[in-house]
Every structure is written in structure tokens, then in C-alpha cells.
1. Quick check: anything in region 31-43 assigned to a loop (DSSP other than H, G, I, E, B) and of a type in the set (D, E, K, R)?
2. Look at region 254-275 and say how many of its residues are exposed (fewer than 15 other Cβ atoms within 10 Å of the Cβ) and of a type outside the set (Asp, Glu).
3. What is the one condition in (1) closer than 16 Å to GLN16 by Cβ; (2) under 21 Å from the mean Cα position of the chain (by Cα); (3) not β-branched (Val, Ile, Thr) that ASP265 does not satisfy?
4. Kindly establish whether PHE244 is aromatic (Phe, Trp, Tyr) and closer than 25 Å to ARG2 by Cβ.
5. Quick check on my filter: what residues within region 287-301 are surrounded by fewer than 14 Cβ atoms within 10 Å (Cβ to Cβ) and of a type outside the set (S, T, N, Q)?
6. Does SER219 qualify as being within 18 Å of ALA19 (Cα to Cα), at pLDDT 90 or above and crowded, with 21+ Cβ neighbours inside 10 Å?
7. Can VAL153 be described as among the β-branched types (Val, Ile, Thr), at pLDDT 75 or above and more than 24 Å from ILE21 (Cα to Cα)?
8. Quick check on ARG182: is it at pLDDT below 90 and surrounded by 13 or more Cβ atoms within 10 Å (Cβ to Cβ)?
Amino acid sequence: MRLWLKKNSEVPLREQLVAQIVLGIVSDDLKAGQRLPSTRELARRYQIHANTVSAAYRELARRDWVEFRKGSGIYVRSRNVENEDGVVELDQLISKFFRTARDKGYSPAELQVGLERWFAVQPPDHFLLIEPDDDLRAIVASEIEGATGARVVNVGLDGCKDPRVLSGALPLALYGQVEKVRATLGAGTELIVLRSRSVAEAMRGEKPPPRDALVRVVSRWPEFLRWSRAMLVAAGLDADALSFADAREAGWKRGLASTALVITDSVTARELPAGCNRRIFQILSDTSREELVRYAQQLGI
């Protein structure tokens with residue numbers, strides 16, 4: 001596990017640790033069930049205080065990203081992503097369906113015709129992004145539309161309880177929300193799990209601006225502002241050269257023309273004044289993006 005940590009920064013080391021480990025988990029750089037370095041080992045490796053590491057691990061455990069196993073260590077908490085019982089569960093549902101249909105007197109030929117008719121009118125024709133955070137949902141939906149050209153409907157957890165919303169949809173959810181989304185959708189519903197970009201993936205090929213250059217980070221998603229602050233400082237940018245603007249507030253565009261670089265998300269980027277030197281940070285990992293492109297091509301959506 002590689003981390004970028006900057007000491008003597010206004011961004012606490014604990015916050016830098018938490019942000020980067022969470023990104024490692026949601027991007028699949030850190031696998032479910034993987035053992036993390038011990039508090040002492042991580043403290044020694046990066047020459048930081050063990051109490052800082054311990055506090056970061058406790059925060060991660062409180063937020064259900066890791067779990068402490070007595071006498072064994074700290075592990076990335078497993079989530080019900082792959083639904084290992086899915087095949088058995090599906091077989092049971094199919095068996096129950098045929099048994100009920102036979103009890104009601106339907107013949108195998110009638111069942112075949114009915115199923116063919118149902119599948120003919122129910123092919124997926126759009127993606128359905130299910131995410132409780134309104135601002136994050138808008139950003140990820142924008143990225144999916146830009147990558148695939150497909151139609152994307154986005155709803156919160158309550159919105160996907162309506163069966164009509166699921167009709168003709170291919171449901172998607174970010175890794176961190178998988179359990180809640182599965183619980184809401186119920187058994188037997190297909191769900192594509194999306195991964196976020198890792199720190200290494202986000203930084204690959206990027207050249208940092210000069211140390212004295214003014215960099216503005218702009219987004220309407222508060223977590224984007226918080227995480228980018230931790231990431232950019234950890235990557236070596238001077239905290240004094242960074243400024244942050246919430247695009248939901250009035251006057252956020254003031255001063256953008258004088259900045260050397262504007263780091264933003266795909267939704268806020270559309271509202272930037274012409275001439276801004278912008279860099280769009282993508283939330284979705286390249287792997288998830290490529291997977292969605294394949295789905296769109298195969299299904300013709």
C-alpha cells in the first residue's frame with residue numbers, strides 16, 4: 001500500500017490517511033479481506049506518530065471501511081459485491097416460478113411463449129444510477145453519459161423502490177453504496193458495481209503546476225473539495241497556493257481568470273468561464289468506464 005503524506009500541512013495526517021485508504025478500497029487497489037499494515041508498521045514506514053495511524057484506523061472502522069480482528073490485525077471490510085449466493089438464489093426463484101405456473105395449469109409451451117414475449121418488451125435501454133448523494137449522482141451520471149453516449153437516469157435510494165423506475169433499466173451503484181442499494185432492490189436484481197479512481201490512477205501522467213502557481217479547486221460536491229484538498233497537499237502542492245470554491249454559492253467564478261489551473265468535476269466544468277486552464281478529475285475508474293462502454297455497445301443502449 002503506497003501513500004502520499006505531507007507533514008507540517010494544514011491538512012492533518014490523519015485526514016490524509018483516511019482519504020487515501022478509502023480511495024484505495026473503493027478503487028479496488030485494496031481488496032476486500034486484505035490485511036492492512038499494523039499501526040506500528042505504518043507509523044515506522046512513513047515516520048509518523050503511531051497515535052495518528054491508530055486514530056485513522058479507528059475512524060475507518062467507525063465508517064465501516066475496515067474491521068479489527070482480535071489477535072490478527074486490521075482488514076478491509078468485505079462487502080456483498082459479488083453476491084456469491086446469487087446463482088443458487090436465482091435457480092431457486094426460477095424453480096419456484098415454474099412450480100407455481102404448473103400448479104395454475106400452464107403448459108411448458110405456454111410458459112415459453114410468455115417468457116419470450118416478456119423478454120422481447122423488457123430489454124435494458126438505459127443505465128439507472130442509484131446513489132443517495134445528489135451532487136455525486138449528477139457528476140457520475142455526467143461521466144457515464146460522456147463515456148458511453150447512453151441515456152442515464154439517476155435516482156436516490158427511495159427512487160428505485162418504484163418498479164416502474166427499474167423497467168428497462170440496467171442498475172448501477174458505486175462500491176461504497178452496494179449494500180444499501182442491494183437491500184433496497186431486493187434479491188435477484190442485476191446490479192453493476194462501479195469503482196472510483198485510485199490515488200495512483202488519478203495522479204498518473206499528471207505534472208504538478210509550479211509551486212508558486214495559484215490553483216483553484218471548484219465543485220458543487222462538498223466531498224470533492226474535501227478529498228482533493230487532502231490529495232493535493234499529500235502530493236506535494238503548497239497548501240497556501242490552493243483555494244477552494246463551492247459552485248453552489250454565489251460569486252464562485254470570481255478570480256478564476258487569474259488562477260494558473262482550475263481543478264473541477266465534469267458537471268461544474270460546463271459552467272467555467274471561457275479561457276480557464278481546467279483539469280477535470282474523473283470519479284469513475286478507467287476499468288468501470290470501459291465496462292460500461294462494453295455494456296452500452298452489447299445492449300445497444
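1. As a first pass, look at region 31-43 and keep what is assigned to a loop (DSSP other than H, G, I, E, B): 31-34, 37-38.
Keeping just the survivors that are of a type in the set (D, E, K, R) gives 31.
Yes.
2. If we filter region 254-275 for residues that are exposed (fewer than 15 other Cβ atoms within 10 Å of the Cβ), which is where we start, we get 254-255, 257-258, 260, 270-271, 273-275.
Now drop any that are not of a type outside the set (Asp, Glu), which leaves 254-255, 257-258, 260, 270, 273-275.
Residues flagged as exposed (fewer than 15 other Cβ atoms within 10 Å of the Cβ) and of a type outside the set (Asp, Glu) within region 254-275 amount to 9.
3. Answer for ASP265: the failing condition is (1).
4. Working: aromatic (Phe, Trp, Tyr): yes; closer than 25 Å to ARG2 by Cβ: no.
Spelling it out, it is not the case that PHE244 is aromatic (Phe, Trp, Tyr) and closer than 25 Å to ARG2 by Cβ.
5. Scanning region 287-301 gives GLU290, ARG294, GLY300.
6. Working: within 18 Å of ALA19 (Cα to Cα): yes; at pLDDT 90 or above: yes; crowded, with 21+ Cβ neighbours inside 10 Å: yes.
Yes.
7. Details: among the β-branched types (Val, Ile, Thr): yes; at pLDDT 75 or above: yes; more than 24 Å from ILE21 (Cα to Cα): yes.
The answer is yes for VAL153.
8. Working: at pLDDT below 90: no; surrounded by 13 or more Cβ atoms within 10 Å (Cβ to Cβ): yes.
When the stated conditions are applied, ARG182 does not pass them.
The values are calculated or read from the model by the stated rules, or taken from the named source; none is laboratory data. Keep in mind that this is a model prediction, so the values were computed, not measured. Here Cβ is always computed from backbone atoms with ideal geometry, including for glycine, and neighbour counts include all displayed protein chains.
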